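The structure under discussion appears below in the form of structure tokens.
A short reminder: the numbers here are calculations on the coordinates, not readings from a lab. This is a predicted model, so every value here is computed, not measured. Here Cβ is always computed from backbone atoms with ideal geometry, including for glycine, and neighbour counts include all displayed protein chains.
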Amino acid sequence: MIPLKMIREDPAGVTRAAADKGEMIEMEHLLKLDEQSRALIAEAEKKKGERNRISEEVARLKREGGDADGLIAEMRDLSSEIKNDDLKLAELRGEIDGLLMWIPNIPHESVPVGKDESANEVTRTWGEEPTFDFDPKNHTDLAESLGLIDFAAGAKISGSGFPLFTGNGARLERALINFMIEHQGNRGYKEVMTPFMTLPSAMEATGQIPKLEEDMYRVEKDNLFLIPTAEVPVTNIHREEILNESELPIFYTAYSPCFRREAGSYGKETRGLLRIHQFNKVEMVKFVRPEDSYDELESLTTDAESVLQVLDLHYRVVSLCTGDLSFAAAKCYDLEVWAPGEKRWLEVSSCSNFESFQTRRAGIRFRDEGGKVRHVHTLNGSGLATPRLMAALLETYQTDEGTVTLPKPLHSYFGSSLLKP
């Protein structure tokens, strides 16, 4: 959430920053409501002061045996007015908070300005593009020929976008999850296993709702959401807490299934693993001091990259422009791995700094060494998501015999070095 003080001081700047993200703000209406709220607060405080003065006068008259009935009636009327003012103020604050929930985070000054992904900037590339002396297959054909995934059975069970991993496909999926969760644990992240459903308040805290509510699955009867990412429950671990500076930084990693409706976008890539409604992901979440958060973004991105480096997969790091940033992010790097069968880059991780945007919504603060209470900065990144990682892995390590030779770090997790029909 953007602080109201910042909006008051620079409404044009906040409006412009939101526009850079492709978002429109009801700024004039918001400022009008804020003005009404502040005027009402001032009036209520004035009335409370008058009520206190009358109360003291009533007490004096009673001590002296005087008649205080008129003042008591006046005080009663003031109390009624104050109560009505408080109700109006609560209504105004609710409307203001509702508008604030729709204002996106302000992009960091280092973020390239642009309308869409065409303005994103490649910051670095790692590894060499794999070459073949045969025409490489795409991951969908490989998965089907190797008996790894039964797309038809998944669709029969749950509809399109829900693949069924079978045999070695299920083993490979589990191997990737175990490998990545242990890998990030060895890099200093504390593993947690969270609930896979959360309350609306948890989704609101991380910025998923109200903006992205249509993209999520909801259990109406119990008023719970299936999580789109472990970011949501992990960030909410410290909701409404005041941490000590000595506790920071805090690093968590968590495996979870992720559920996304992706309303309006599904159908663009209906085959394979590139766009599905349920997938597995290992997430990394950081709680840090504000002055450290951009250094921590770089190290978070490095931690995500390390998975691809250990697996020797060709990838690049992309700095997202303002128009491609998520609603809640101030800055984000995407990691894109090369898929030689698809002949394109596939996003496998997004590493974002949210600054205090989430913690203002969630009430996550810390007390610094000087005793001042400040908002923590949060960051998160995929470390990594399995579907596109598996796609790139199968396509990169395929052989002309139709088998797939797995990279050595996966051998102990998978129990073999080769995928074959």
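If you keep only loop residues by DSSP, which chymotrypsin sites (Phe, Trp or Tyr not before Pro) in region 109-152 have at most 14 other Cβ atoms within 10 Å of their Cβ?
For chymotrypsin sites (Phe, Trp or Tyr not before Pro) across region 109-152 that sit outside H, G, I, E and B with at most 14 neighbouring Cβ atoms in 10 Å, the list reads PHE132, PHE134.
So what's the angle, to the nearest 10 degrees on a 0 to 90 scale, between helix 168-185 and the longest Cα principal axis of the chain?
The helix 168-185 is inclined about 50 degrees to the chain.
With axes computed from alpha carbons, what is the tilt in degrees of helix 69-100 against the longest principal axis of the chain, rounded to the nearest 10 within 0 to 90?
Helix 69-100 sits roughly 20 degrees off the main axis of the chain.
Calculate the length of the line joining the C-alpha centroid of region 188-218 to that of region 326-395, in whole Å.
So the two Cα centres are separated by 14 Å.
Within 10 Å of each candidate Cβ there may be at most 13 other Cβ atoms; applying that plus a DSSP loop requirement, which trypsin sites (Lys or Arg not before Pro) in region 202-310 survive?
LYS268, ARG271
Starting from the Cα of LYS115, draw a straight line to each of the aspartates and glutamates and keep only those under 15 Å, dropping any in the same chain fewer than 8 residues away.
ASP20, GLU23, ASP324
Tell me whether region 206-315 comes out rounded, prolate or oblate; compute the Cα gyration tensor, take square roots of the eigenvalues as a ≥ b ≥ c, and use a/c under 1.5 as the rounded threshold.
Oblate, because a/c is 1.5 or more while a/b does not exceed b/c.
I need to check one value: relative contact order of region 117-419, counting alpha carbon pairs closer than 8 Å and at least 6 residues apart, in percent.
Worked out over region 117-419, it gives 24 percent.
Run the paramagnetic zone check for THR405: 7 angstrom along Cα to Cβ, then residues of region 314-354 with backbone nitrogen under 18 Å.
Output list for this probe position: 314, 340-341.
Could you list, in their original order, any pairs among LYS190/LYS420; LYS5/LYS88; LYS46/LYS211 whose Cα atoms are separated by more than 32 Å?
LYS190/LYS420; LYS46/LYS211
Jot down the per residue volume, in cubic angstrom and as a whole number, of the convex hull over the alpha-carbon atoms of region 117-419.
Details: hull volume 39.5 nm³, N = 303.
Expressed per residue, the convex hull around the Cα atoms of region 117-419 is 130 Å³.
Once both axes come from the Cα atoms, what is the angle between helix 293-310 and the longest principal axis of the chain, in degrees from 0 to 90, rounded to 10?
Approximately 20 degrees, to the nearest ten.
For region 188-272, run through the GluC sites (Glu not before Pro) and keep only the ones in DSSP coil with at most 11 other Cβ atoms within 10 Å of their Cβ.
On the way: sites: GLU191, GLU204, GLU213, GLU214, GLU220, GLU231, GLU240, GLU241, GLU245, GLU247, GLU262, GLU269; in loops: GLU240, GLU241, GLU262, GLU269.
Qualifying residues, ordered by number: GLU240.
Principal axis extents for region 132-200, Cα atoms only, whole Å, descending order, please.
Over region 132-200, Cα extents along the principal axes are 42, 36, 22 Å.
Label-point separation (nm) for ASN186 and ILE242, each offset 7 Å from Cα along Cα-to-Cβ?
About 4.1 nm separates the two model spin labels.
How do ASP67, ASP133, ASP324 line up, fewest other C-beta atoms within 10 Å first?
ASP133, ASP67, ASP324
In Å and from the alpha-carbon atoms only, list the Rg and Dmax of region 310-350.
When restricted to Cα atoms, region 310-350 yields Rg and Dmax of 11.8, 34 Å.
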